[in-house]
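The values are calculated or read from the model by the stated rules, or taken from the named source; none is laboratory data. Being a predicted model, the structure only gives us computed values, none of them experimental. All Cβ positions, glycine included, derive from the backbone under ideal geometry; neighbour counts span all protein chains shown.
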Amino acid sequence: MAIIITDECINCGACEPECPNTAIYEGGIEWDWAGGTSLTEVELEDGTQVDANAPQEPVDDDLYYIVPGKCTECNGFHEEPQCAAVCPVDCCVDDPDYVETEDELLAKKAWLHNE
């Protein structure tokens, strides 16, 4: 399951540099698949191919956010999600909309980092 940042976020930014997949972005900032990964092209769920460096719309305009497609809950890197470990207000929590097994998260890590 991916991690989500709740609206209790105080926008401190402590989580952003901790993410090994560069899945965390400041509110209102565009993101891309390539940042922090080995990806050069991505096939979306609808079959569309996109350049991994192409800017994507922000997930949230006001608060830090996590891109679920890049979040591996730090599997393969750390024993626990580092965003949650450093968050001073405990607003990095499991996202019930993105339930994934450990095997799925490790496969996502391998895909993101071309392993």
Search result, residues across region 36-61 that are assigned to a loop (DSSP other than H, G, I, E, B), touching a Phe, Trp or Tyr at 6+ places or on another chain (Cβ under 9 Å) and surrounded by 14 or more Cβ atoms within 10 Å (Cβ to Cβ): THR37, LEU39, ALA52, PRO58, VAL59, ASP60
Filter region 91-113 down to residues that are touching a Ser or Thr at 6+ places or on another chain (Cβ under 9 Å) and in a loop (DSSP other than H, G, I, E, B) and give me whichever is nearest to GLU8 (Cα to Cα). CYS91
Which pairs have Cβ atoms under 8 Å, sit 6 or more apart or on different chains, and link a residue in region 89-115 that is charged (D, E, K, R) to one that is modelled with pLDDT under 95 and surrounded by fewer than 13 Cβ atoms within 10 Å (Cβ to Cβ)? LYS109/GLU115
I'd like the full set of residues that are β-branched (Val, Ile, Thr), under 21 Å from ILE10 (Cβ atoms) and in a loop (DSSP other than H, G, I, E, B), limited to region 62-90. VAL67, VAL89
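Taking the condition of being aliphatic (A, V, I, L, M) and touching a strand residue (DSSP E or B) at 6+ places or on another chain (Cβ under 6 Å), how many residues in region 5-42 meet it?
Pass one, region 5-42, residues aliphatic (A, V, I, L, M): 5, 10, 14, 23-24, 29, 34, 39, 42.
Then drop every residue that is not touching a strand residue (DSSP E or B) at 6+ places or on another chain (Cβ under 6 Å), which leaves 5, 23-24, 42.
Within region 5-42, residues that are aliphatic (A, V, I, L, M) and touching a strand residue (DSSP E or B) at 6+ places or on another chain (Cβ under 6 Å) number 4.
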Enumerate the pairs (first residue in region 3-28 and within 17 Å of PRO96 (Cβ to Cβ); second residue anywhere and outside any loop (DSSP other than H, G, I, E, B) and of a type in the set (Ser, Thr, Tyr)) with beta-carbon separation below 9 Å, excluding pairs fewer than 6 apart on the same chain, so at least 6 apart or on different chains. ILE4/TYR65; ILE5/TYR65
